[in-house]
Amino acid sequence: MTYLGFHFVFILPLIGVLFFLVRQQGSLPYPRAGLGLLLICTIALVYTTPWDNYLVAQEIWTYDEGRILERLRIGYVPLEEYLFFVLQPILTTGFLFFFAQRRVDVCREAASDPGRRWGPRIAGGLLFLGIAAAGFEMLRRPAAGDTYLGLILAWAAPILAFQAFFGMDRILRYRAHLVPALVGSTAYLWLVDSIAITWSIWHITAATSTGYHLFALPVEEAVFFLVTNLLVLFGLILFYDLLLRWRGIRGHPAPRLP
């Protein structure tokens, strides 16, 4: 199977199913849902592109000949990888929308109570700063096996820390949406990434990996999908919460399902 074929078999069909179910259910409880999706996809593409080019240039992961469209590389990265930068946030957003429609009361309650709390913000921010520090320490040490994991943590955790300092108290108000969306999207991506590696669609270089696995999945890949889904979900929830609180302040009711 090629990398492009992987998208058509494992990613695009599930996106189609999720958004079909969302559309069948009716309106979303989030205001400007499409704008939030567009913003998160744009940010993901811009922020991931230089980091991913560095990893491929350093051969931290590689592709077998014939599995990618070689002539359509942009920098070091194939076109299919850039597509994944956008398709993963769309997939994760589909999970969020699906579960949000089943707990519309969460949005209504959050909009009616715009209060802020420093405790969760400080605790969440310090937690992710500690994870970021661990990532930078892995890169500072000479052990090559820490390279990939260190790059993931040093790249993702500072942004998660910023998101947490900015609004972990608000994010937690949407945990009934966040938790099932995180579990569903992450578990699915773990599964299909395991398949892709087993089928040699791409390879994780042993020299820069810890060698630990979660079943067939390198632990670095498991961490990658967990933290990237957190980045997407935190960003979306903070955006929608800002709009919901703004509507509440202006006296507009939160959107509700029919």
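The values are calculated or read from the model by the stated rules, or taken from the named source; none is laboratory data. Given the structure is predicted, the values throughout are model-derived calculations rather than measurements. Counting neighbours? That spans all protein chains shown, and the Cβs are built from the backbone with ideal geometry, glycine included.
Against the criterion of being outside any helix (DSSP H, G or I) and among the hydrophobic types (A, V, I, L, M, F, W, C), L45 does not qualify. Only one entry in F19, F97 is touching a Gly at 6+ places or on another chain (Cβ under 7 Å), in a helix (DSSP H, G or I) and either in contact (Cβ under 8 Å) with a residue 12 or more places away in the chain or not β-branched (V, I, T) (or both), namely F19.
Taking segment 100-136 as the range and being among the basic types (K, R) and either in contact with a strand residue (DSSP E or B) (Cβ under 8 Å, 6 or more places away or on another chain) or outside any helix (DSSP H, G or I) (or both) as the test, the residues that pass are R102, R103, R116, R117.
hydroxyl-bearing (S, T, Y), in contact with a Pro (Cβ under 6 Å, 6 or more places away or on another chain) and surrounded by 21 or more Cβ atoms within 10 Å (Cβ to Cβ), is that true of S185?
Spelling it out, it is not the case that S185 is hydroxyl-bearing (S, T, Y), in contact with a Pro (Cβ under 6 Å, 6 or more places away or on another chain) and surrounded by 21 or more Cβ atoms within 10 Å (Cβ to Cβ).
From the list R108, R71, the one residue that fits, being out of contact with any helix residue (DSSP H, G or I) (no Cβ under 6 Å at 6 or more places or on another chain), surrounded by 15 or more Cβ atoms within 10 Å (Cβ to Cβ) and farther than 20 Å from L189 by Cα, is R108. The listed residues are I201, I237, and the only one of them that is surrounded by 19 or more Cβ atoms within 10 Å (Cβ to Cβ) and farther than 30 Å from I68 by Cα turns out to be I237.
Of all the listed residues (G130, G125), the sole one being surrounded by 14 or more Cβ atoms within 10 Å (Cβ to Cβ), among the small types (G, A, S) and more than 17 Å from the chain's Cα centre (by Cα) is G125. The sole residue among L21, L83 that is surrounded by fewer than 19 Cβ atoms within 10 Å (Cβ to Cβ), within 19 Å of the chain's Cα centre (by Cα) and either closer than 30 Å to L242 by Cβ or at pLDDT 95 or above (or both) is L83.
Scan segment 111-122 for residues that are surrounded by 13 or more Cβ atoms within 10 Å (Cβ to Cβ) and at pLDDT below 95 and the total you get is 2.
Which members of segment 24-55 meet the condition of being surrounded by fewer than 19 Cβ atoms within 10 Å (Cβ to Cβ) and within 16 Å of F84 (Cβ to Cβ)?
Selection gives C41, T42, I43, L45, V46, Y47, T49, P50, W51, N53.
Taking the criterion of being in contact (Cβ under 8 Å) with a residue 60 or more places away in the chain and over 23 Å from A187 (Cβ atoms), the residues of segment 199-210 that qualify are T205, A207, T208. Against the list (1) out of contact with any Gly (no Cβ under 9 Å at 6 or more places or on another chain); (2) within 21 Å of L55 (Cα to Cα); (3) surrounded by fewer than 16 Cβ atoms within 10 Å (Cβ to Cβ), the condition F224 fails is (3).
Mind listing whichever residues of segment 231-257 are farther than 11 Å from P114 by Cα, modelled with pLDDT under 65 and of a type in the set (A, V, I, L, M, F, W, C)? Once the filter is applied, which keeps residues that are farther than 11 Å from P114 by Cα, modelled with pLDDT under 65 and of a type in the set (A, V, I, L, M, F, W, C), segment 231-257 yields A254, L257. When we screen A157, A161 for residues that are in a helix (DSSP H, G or I), surrounded by fewer than 22 Cβ atoms within 10 Å (Cβ to Cβ) and among the small types (G, A, S), the only hit is A161. Taking (1) within 20 Å of Q58 (Cβ to Cβ); (2) touching a strand residue (DSSP E or B) at 6+ places or on another chain (Cβ under 7 Å); (3) small (G, A, S) in turn, A222 satisfies each apart from (1). Inspect segment 52-72 for any residue being in contact (Cβ under 8 Å) with a residue 60 or more places away in the chain and closer than 25 Å to P180 by Cβ and give the result as yes or no. No, segment 52-72 contains no residue that is in contact (Cβ under 8 Å) with a residue 60 or more places away in the chain and closer than 25 Å to P180 by Cβ.
From A123, A156, which residue is under 15 Å from F234 (Cα atoms) and among the small types (G, A, S)?
Of the residues listed, the single one that is under 15 Å from F234 (Cα atoms) and among the small types (G, A, S) is A156.
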